[in-house]
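Enquirer: Sharing a structure, written as structure tokens. Questions coming.
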DNA sequence: GAATTTTTTGGGGATTTTCACAAAAAGGTT
DNA sequence: AACCTTTTTGTGAAAATCCCCAAAAAATTC
């Protein structure tokens, strides 16, 4: 067979038609996906298939566990690097039989993938050449879809920003927008924000888009990017334990950004669950508040991702202002600071660690790297010097608050 | 001797002169006091005396322990009831030798007392008659002092109110007022407020005035009455432990109001220590804030008398407002309330008591009248139902705050 | 009304915490 | 250097807390 021979130099109306054509030429089942592993088309003339393909077709996307495996094992990274076909050995644990994949390129961007299953026959080098021709032939068709989608995405973004900034304050208007964008608004939603260390580049955007679209944990309604923040609107319908889901998703997303794209130190936060789309501004502000507090108390709020869990840190802006206006000073803390300064000891730190450790002497002693009796002695001194009664929850609470407020003020 | 005979029907310039006259007639040392046991005059012709009298003259008032003893043992109550002379047996423990006292009356009000010491001779019935005549003769003179004092007190009051309400905002002006009232302003001061259960009657006023003036623990600079509140400005100079002193004084005052005059349930509060007289308004407002919180959390703040010690309760006005505007609700608390309602249990109450008891299971179990294991079981349920982690101080603190806020809201 | 679940109470042993005491180390003063 | 105070660490016994099990009581469900 001549390498010049190109059976794909023909016009076709739909991608499905084209998938069938490839299938006929290569004598095996074929599927075409976009860059986010969404199913675009699949051949129907061949009935042989494998579980992974069935799931992909049923769900109109490649199952997440399959994507994960293909990432881990290197197929997808390879496809994103080369224009050559890649052979994948069968992986029974995810229901994948032997197959060959090729990426579809336009300039230096991957638009999608073609998969050919090697169920009865193994593809030859010639078949590989044909596959490359098929990939080349399909790119323009894909590009059309892509640009159409881009325009749509712009409208999505505009709508999302209007929602976030409270520019749509009429339920009917909001419904209308959803309808015109062909989105069914979920009855409950949450806003997620991922804060990046640096501004998000357009290359990052692709990774983000890819991750969001391939994720199958949460339904992403809308998302947009603002400097170093990725803002996402997700549906929270039909979950027993929404916050757990949100946390799982956040960790998954940040984990994959790190593993796959080397983008580390993302800070995920999310709002509470809302039902009223006019309150999306509140949700967004919640997330910003959490980010702001997390910036100031990174250690204390390490495992806190939402406003609800912030606990007393919710109050800090307010409290600081109060303290400023009334010129109040915690008597005990002042005494302890004075003592620390005079004898360069560290009673204040000791107190803070002790309170952080929920009054547990052993834990606190470990955290401070001192003997438990040492801590005991210090606590006795603290209660003497600072006139603190460690049996009084009110006193301790105020101390804790004022301790943290000092830090807050200091930053 | 004829009962008509009256050696005191004579004019005299000063009270001291009159005291000497009585002393001459009765052949014993004499002192005259006002209703608040302030020394008004004393005889000098006789050198015999006792330690109590010496202290009285030196301090220009009867020592507090002597007054206390005379109250306890019934002399003063008797003097306030009858116009007859009362004999007091000697009380070595307070340096008091035998003496006779008589109260000086104007209408139904006691203006003061005359004391005659029975050092060498015991007074006869005739002497008693003479003493009554002396008391009668001196009353007009005392009345003059009284009215002069009243006018002065009115000026005091006016000045005090101006200070409290911030109508004097110029240090020079304030100093001037102090000077013109012949008060040396202390360099540090505090405002005390005693809240009565009912509006203060003019009869109560006399008791108050008496107690304030006879007290020797704190130096009272100014005081005034506003409906059911007694407002006092005290000097806090020269104390090591000011707050302890203030507390002692408060308890003393409320105790004596109860014991002596049957006026119960006074609520004492006091401000912090201030140095700047322009900030007296702040001090006053502090006390009012404490009273307001104490009204809402009587049990929790039972032993709290000043703003400083209020701890987290300082923040409640602010927090409540925040909660209202943001429409936040504590998730755990809501869950627990729901459970309580459904199973008519009392998990919320259990939680509150437990937190009040500083996480001490035994104390809390006692307070709840249940077995410690029952409480343990309930706490396990609480942590399950409310998703509370009892090792997390932040969570617990927020729970505590929200619990108390609920109550605050409820009232 | 029987069966099941939830709640309360009790016992008792393992584990921790608490506390007093003492020795040693560290820091400061004269 | 000698002396004192403060701080740290160690030890061990008493006290308390924690935790498991089980039985009984109460409430709920079927």
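The values are calculated or read from the model by the stated rules, or taken from the named source; none is laboratory data. Computed from a prediction, not measured in an experiment: that's the story for all the values here. With ideal geometry, Cβ positions are generated from the backbone for all residues, glycine too; neighbour counts draw on all protein chains shown.
Enquirer: What residue, of A:392, A:402, is over 18 Å from residue B:360 (Cβ atoms) and within 12 Å of chain B (Cβ to nearest Cβ)?
Expert: Criteria check complete, one pass: A:402.
Enquirer: Quick one: count up the residues across segment A:12-54 that are farther than 21 Å from residue A:128 by Cα, out of contact with any strand residue (DSSP E or B) (no Cβ under 9 Å at 6 or more places or on another chain) and in a helix (DSSP H, G or I).
Expert: 1
Enquirer: Considering only residues that are touching a helix residue (DSSP H, G or I) at 6+ places or on another chain (Cβ under 6 Å) and surrounded by fewer than 16 Cβ atoms within 10 Å (Cβ to Cβ), look in segment B:39-66 and name the one that is nearest to residue B:114 (Cα to Cα).
Expert: B:45
Enquirer: Please identify the pairs in which a residue from segment B:341-358 that is on the phi > 0 side of the Ramachandran plot has its Cβ atom under 6 Å from the Cβ atom of a residue that is modelled with pLDDT of 90 or more and within 13 Å of DNA strand C (Cβ to nearest atom), counting only partners at least 6 apart or on another chain.
Expert: none
Enquirer: Let me ask you something else. Answer with yes or no whether residue B:400 is outside the structural domain of residue B:293 (by TED's automatic domain parsing), more than 13 Å from DNA strand C (Cβ to nearest atom), in contact with a helix residue (DSSP H, G or I) (Cβ under 8 Å, 6 or more places away or on another chain) and not in a helix (DSSP H, G or I).
Expert: No; evaluated as a whole, the condition is false for this residue.
Enquirer: In the list B:302, B:309, B:324, which residue meets the criterion of being within 13 Å of another protein chain (Cβ to nearest Cβ), crowded, with 18+ Cβ neighbours inside 10 Å, out of contact with any helix residue (DSSP H, G or I) (no Cβ under 7 Å at 6 or more places or on another chain) and more than 19 Å from residue B:223 (Cα to Cα)?
Expert: So the residue among B:302, B:309, B:324 that is within 13 Å of another protein chain (Cβ to nearest Cβ), crowded, with 18+ Cβ neighbours inside 10 Å, out of contact with any helix residue (DSSP H, G or I) (no Cβ under 7 Å at 6 or more places or on another chain) and more than 19 Å from residue B:223 (Cα to Cα) is B:309.
Enquirer: Of everything in segment B:347-391, what is assigned to a loop (DSSP other than H, G, I, E, B), away from DNA strand C (no atom under 11 Å from the Cβ) and surrounded by 17 or more Cβ atoms within 10 Å (Cβ to Cβ)? Give them in sequence order.
Expert: B:357, B:386, B:388, B:390
Enquirer: Can you say whether residue B:273 is in contact with a strand residue (DSSP E or B) (Cβ under 6 Å, 6 or more places away or on another chain) and surrounded by fewer than 19 Cβ atoms within 10 Å (Cβ to Cβ), as far as the supplied structure shows?
Expert: Considered against the rule, which asks whether it is in contact with a strand residue (DSSP E or B) (Cβ under 6 Å, 6 or more places away or on another chain) and surrounded by fewer than 19 Cβ atoms within 10 Å (Cβ to Cβ), residue B:273 comes out as yes.
Enquirer: Out of segment A:342-380, which residues are within 11 Å of chain B (Cβ to nearest Cβ) and within 10 Å of DNA strand D (Cβ to nearest atom)?
Expert: A:360
Enquirer: When you check residue B:250 against the structure, is it closer than 22 Å to residue A:319 by Cα and away from chain A (no Cβ under 14 Å), yes or no?
Expert: no
Enquirer: Test residue B:79 against the stated conditions and say whether it is surrounded by 13 or more Cβ atoms within 10 Å (Cβ to Cβ), within 23 Å of residue B:137 (Cβ to Cβ) and in the same structural domain as residue B:128 (by TED's automatic domain parsing).
Expert: It is true that residue B:79 is surrounded by 13 or more Cβ atoms within 10 Å (Cβ to Cβ), within 23 Å of residue B:137 (Cβ to Cβ) and in the same structural domain as residue B:128 (by TED's automatic domain parsing).
Enquirer: A follow-up question, please. Any idea which of (1) without any contact (Cβ under 8 Å) to a residue 40 or more places away in the chain; (2) in a helix (DSSP H, G or I); (3) more than 17 Å from residue B:195 (Cβ to Cβ) is the one residue B:328 doesn't satisfy?
Expert: Only one criterion is unmet by residue B:328, namely (2).
Enquirer: A further question on this structure: Hey, among B:278, B:314, which residue is more than 12 Å from chain A (Cβ to nearest Cβ), more than 16 Å from DNA strand C (Cβ to nearest atom) and either in contact with a helix residue (DSSP H, G or I) (Cβ under 8 Å, 6 or more places away or on another chain) or in a loop (DSSP other than H, G, I, E, B) (or both)?
Expert: The conditions single out B:278.
Enquirer: Also: Condition first: within 15 Å of DNA strand C (Cβ to nearest atom), outside any loop (DSSP other than H, G, I, E, B) and in contact with a helix residue (DSSP H, G or I) (Cβ under 7 Å, 6 or more places away or on another chain). Now tell me which residues in segment A:336-346 satisfy that.
Expert: Matches in segment A:336-346: A:339, A:340.
Enquirer: Being crowded, with 19+ Cβ neighbours inside 10 Å, modelled with pLDDT of 85 or more and either in contact with a strand residue (DSSP E or B) (Cβ under 7 Å, 6 or more places away or on another chain) or over 30 Å from residue B:8 (Cα atoms) (or both) narrows it down to one residue among B:181, B:163; which is it?
Expert: Result: B:163 is the single residue among B:181, B:163 that is crowded, with 19+ Cβ neighbours inside 10 Å, modelled with pLDDT of 85 or more and either in contact with a strand residue (DSSP E or B) (Cβ under 7 Å, 6 or more places away or on another chain) or over 30 Å from residue B:8 (Cα atoms) (or both).
Enquirer: Now a separate question. Assigned to a helix (DSSP H, G or I) and surrounded by fewer than 16 Cβ atoms within 10 Å (Cβ to Cβ), is that true of residue A:198?
Expert: No; evaluated as a whole, the condition is false for this residue.
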